[in-house]
Amino acid sequence: MTRRTYYIETYGCQMNEHDSEKMAAMLDKLGMSAASAPDTAEVLIINTCSIREKAEHKVYSALGKFKSLKTRKPDTAIIVAGCVAQQEKNKLLKKVPHLDAVLGTHHISELPRILDKIRAKKSRITSTDFVEDVQSLHMVAPLKGANPVCSFVTIMQGCSNFCTYCVVPFTRGPEQSRHMDEILEEVTRLAGTGIREITLLGQNVNAYGKDLARGYAFADLLRHLDGIPGLARIRFTTSHPRDFDDSIIAAMTNLETVCEHIHLPLQSGSDSVLSAMHRGYSFAEYLAKVDSLRDSIPHVAITTDMIVGFPGETEADFMKTLEALERIRFDQIFSFKYSARPSTAAQSMPDHIPESVKIERLSRVHELQDQITEQYHRSAEGSVEEILAEGIRPQSSQVFGRTRTNKIVNLEDPDLICPGELVRVRITEGLKHSLRAVRAV
Ligand code: SAH
Ligand code: SF4
Ligand code: F3S
């Protein structure tokens, strides 16, 4: 019997979201369709994240939920993909008896073949070796993902930075760039289907091209993408502060489609913590880059990631993080309690910070940043912005979109606006997490 319906549960970052879109596209191509709930699916995929312990726990609890389903319907194929799959490999099959296959981060294109094997009731499968040339991983790029207006485009795989807290180099393999002509072809094809905005994905997009023999860099890629017919906006994530340079500032300043927003993870305001993290920059170097970016683009939005409670972080170190937030005034931040991860250097460092201290530091970060973010939103009131209409909220019928600076806007008078349209709006109210607006006349 051919399995006709699938359900994909996705955890983690945009890389994983995009990988799930690719898997869905492959299954659609086999004539299958998405089930609305796991219980009704014949193929169940959990695309996993292991960036922090909590993320990994979620995976095991999801797998626990699916155990009774497998007992009731033994023909259901259950597959774990993504970073926990890559990290645990064969061990996952041993730990979870109702699992059929473990699909590593370099193997999602094997999904159809693996389903055939599961159907033929061959042995349970693990496919987790890293491949040497990642170009082949992109053959399965979906024509269209979940969003008809915005699309992800992977430009790099993996990461070779080995920040001492981070599991990604172990779960995604070494940093490898895709060839520029393939990226250009994919973006041109997406723009031809009505995609207006792309987000270029990589763990360290600022290092794009450094591993390729051709000698082109990230700013060159941006220049080539700018001007593809139909494409209105280009975003990219994530940038690494060490590799963020003047050529990228110039591209952001001069290229019309490149949006005025950068996600530039700082991680800590303390030089000794940054050094123990192996981030490759000091706070002063980071600040100089931010100042130079703001000199060129005064209204640029800057967002960041911060970790509190890295091993050995003293109260004085932590105060430097708070001072950094006050000095830079990020538009928004994502902040995390340090979580010890397998294989990483930091897990065996001395002076791990007690959970209660991490919780307290995180709440101080939240309190400060919430005020700053709200002040930004308030100060936007009355201004005129361009938004790209992305969709319509089913509950309220409001059209939503984002400003070029990546702020979410809900439109109060959505008449006659279609997803994909660029609309000039006047911000009427700045809320904690979003902006309200009306169409500007
Ligand atoms: N490649 C990106 C980030 C990838 S992970 C970069 O280098 O910026 C996203 C964020 O998760 C990181 O920026 C970091 O803030 C956080 N993170 C990663 N490992 C973590 C860990 N072990 N504990 C807590 N936060 C972590
Ligand atoms: Fe992890 Fe550092 Fe690589 Fe980002 S740059 S993915 S934080 S190792
Ligand atoms: Fe998580 Fe893997 Fe992304 S660990 S954050 S899904 S690269």
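The values are calculated or read from the model by the stated rules, or taken from the named source; none is laboratory data. As the structure is a prediction and not an experimental result, all values here were calculated from the model. Neighbour counts run over all protein chains shown; Cβ positions are idealised from the backbone, glycine included. What goes into the accessible areas is simple: the full protein's heavy atoms, side chains included, and nothing from ligands, DNA or RNA. Shrake-Rupley method; radii C 1.70, N 1.55, O 1.52, S 1.80 Å.
Can we say Tyr7 is more than 17 Å from the chain's Cα centre (by Cα), aromatic (Phe, Trp, Tyr) and either part of a strand (DSSP E or B) or within 16 Å of ligand 1 (Cβ to nearest atom) (or both)?
Numbers: more than 17 Å from the chain's Cα centre (by Cα): yes; aromatic (Phe, Trp, Tyr): yes; either part of a strand (DSSP E or B) or within 16 Å of ligand 1 (Cβ to nearest atom) (or both): yes.
Yes: the conditions hold for Tyr7.
In the set (1) in contact with a strand residue (DSSP E or B) (Cβ under 7 Å, 6 or more places away or on another chain); (2) of a type in the set (Ser, Thr, Tyr); (3) within 16 Å of ligand 2 (Cβ to nearest atom), the condition left unmet by Thr257 is number (3).
If the condition is being under 24 Å from Arg52 (Cα atoms), open to solvent by 10 Å² or more (accessible area, probe 1.4 Å) and either of a type in the set (Val, Ile, Thr) or in contact with a Gly (Cβ under 8 Å, 6 or more places away or on another chain) (or both), then the range 320-337 contributes Lys320, Leu322, Ile333, Lys337.
Taking the options Ala55, Ala77, Ala85, name whichever one is of a type outside the set (Asp, Glu) and away from ligand 3 (no atom under 16 Å from the Cβ).
On the way: Ala55 fails: away from ligand 3 (no atom under 16 Å from the Cβ); Ala85 fails: away from ligand 3 (no atom under 16 Å from the Cβ).
Unique residue meeting the criteria: Ala77.
All conditions in (1) within 16 Å of ligand 2 (Cβ to nearest atom); (2) touching a residue at least 40 places away in the same chain (Cβ under 8 Å) hold for His352, with the sole exception of (1).
If you go through the range 235-264 and keep only what is open to solvent by less than 10 Å² (accessible area, probe 1.4 Å) and polar (S, T, N, Q), you end up with just Ser239.
For the range 145-182, a residue qualifies if it is part of a helix (DSSP H, G or I) and either buried (at least 22 other Cβ atoms within 10 Å of the Cβ) or of a type outside the set (A, V, I, L, M) (or both), and the qualifying residues are Val168, Pro169, Phe170, Thr171, Arg172, Asp181, Glu182.
Scan the range 183-216 residue by residue and report those that are among the aliphatic types (A, V, I, L, M), open to solvent by less than 60 Å² (accessible area, probe 1.4 Å) and either farther than 24 Å from Arg402 by Cα or assigned to a helix (DSSP H, G or I) (or both). Give the derivation first.
Keep residues of the range 183-216 that are among the aliphatic types (A, V, I, L, M), which gives 183-184, 187, 190-191, 195, 198, 200-201, 205, 207, 212-213.
Narrowing further to those that are open to solvent by less than 60 Å² (accessible area, probe 1.4 Å): 183-184, 187, 190-191, 195, 198, 200-201, 205, 207, 212.
Scanning the range 183-216 gives Ile183, Leu184, Val187, Leu190, Ala191, Val205, Ala207, Leu212.
A quick yes/no check of all residues on (1) over 26 Å from Ala340 (Cα atoms); (2) outside any helix (DSSP H, G or I); (3) away from ligand 2 (no atom under 16 Å from the Cβ); (4) in the same structural domain as Phe152 (by TED's automatic domain parsing):
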site: Lys54; (1), (2), (3), (4): no, no, yes, no
site: Val59; (1), (2), (3), (4): no, no, yes, no
site: Lys67; (1), (2), (3), (4): yes, no, yes, no
site: Val80; (1), (2), (3), (4): no, yes, yes, no
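Can you say whether Ser136 is open to solvent by less than 80 Å² (accessible area, probe 1.4 Å), modelled with pLDDT under 90 and under 30 Å from Ala345 (Cα atoms), as far as the supplied structure shows?
On the way: open to solvent by less than 80 Å² (accessible area, probe 1.4 Å): yes; modelled with pLDDT under 90: yes; under 30 Å from Ala345 (Cα atoms): no.
No: the conditions fail for Ser136.
Could you go through the range 376-389 and let me know if any residue there is open to solvent by 60 Å² or more (accessible area, probe 1.4 Å), more than 26 Å from Thr199 (Cβ to Cβ) and in contact with a strand residue (DSSP E or B) (Cβ under 6 Å, 6 or more places away or on another chain). Checked the range 376-389: at least one residue is open to solvent by 60 Å² or more (accessible area, probe 1.4 Å), more than 26 Å from Thr199 (Cβ to Cβ) and in contact with a strand residue (DSSP E or B) (Cβ under 6 Å, 6 or more places away or on another chain). Of everything listed in (1) within 16 Å of ligand 3 (Cβ to nearest atom); (2) surrounded by 18 or more Cβ atoms within 10 Å (Cβ to Cβ), the single unmet condition for Val43 is (1).
The set of residues from the range 301-319 being away from ligand 1 (no atom under 14 Å from the Cβ) and open to solvent by less than 10 Å² (accessible area, probe 1.4 Å) comprises Ala301, Phe318.
Can you list the helices (runs of 4 or more DSSP H) lying wholly within the range 251-351 that have 1 or more residues being modelled with pLDDT of 95 or more, touching a Cys at 6+ places or on another chain (Cβ under 8 Å) and on the phi < 0 side of the Ramachandran plot?
271-277
Under 8 Å between Cβ atoms, which residue pairs at least 6 apart in sequence (or on different chains) link something in the range 172-200 that is not assigned by TED's automatic domain parsing to the domain that holds Gly82 with a partner that is acidic (Asp, Glu)? As it stands, the answer is Glu175/Asp211; Gln176/Asp133; Gln176/Asp211; Ser177/Asp211; Met180/Asp220, since those pairs meet every condition given.
Okay, residues lined up against (1) of a type outside the set (S, T, N, Q); (2) within 16 Å of ligand 3 (Cβ to nearest atom); (3) under 30 Å from Ile353 (Cα atoms):
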| residue | (1), (2), (3) |
| --- | --- |
| Val167 | yes, yes, yes |
| Val187 | yes, no, no |
| Leu190 | yes, no, no |
| Thr193 | no, no, no |
| Thr199 | no, yes, no |
| Val205 | yes, yes, no |
| Lys210 | yes, no, no |
| Ala213 | yes, no, no |
| Asp226 | yes, no, no |
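Number of residues in the range 16-58 that are touching a residue at least 40 places away in the same chain (Cβ under 8 Å) and within 16 Å of ligand 1 (Cβ to nearest atom): the value is 11.
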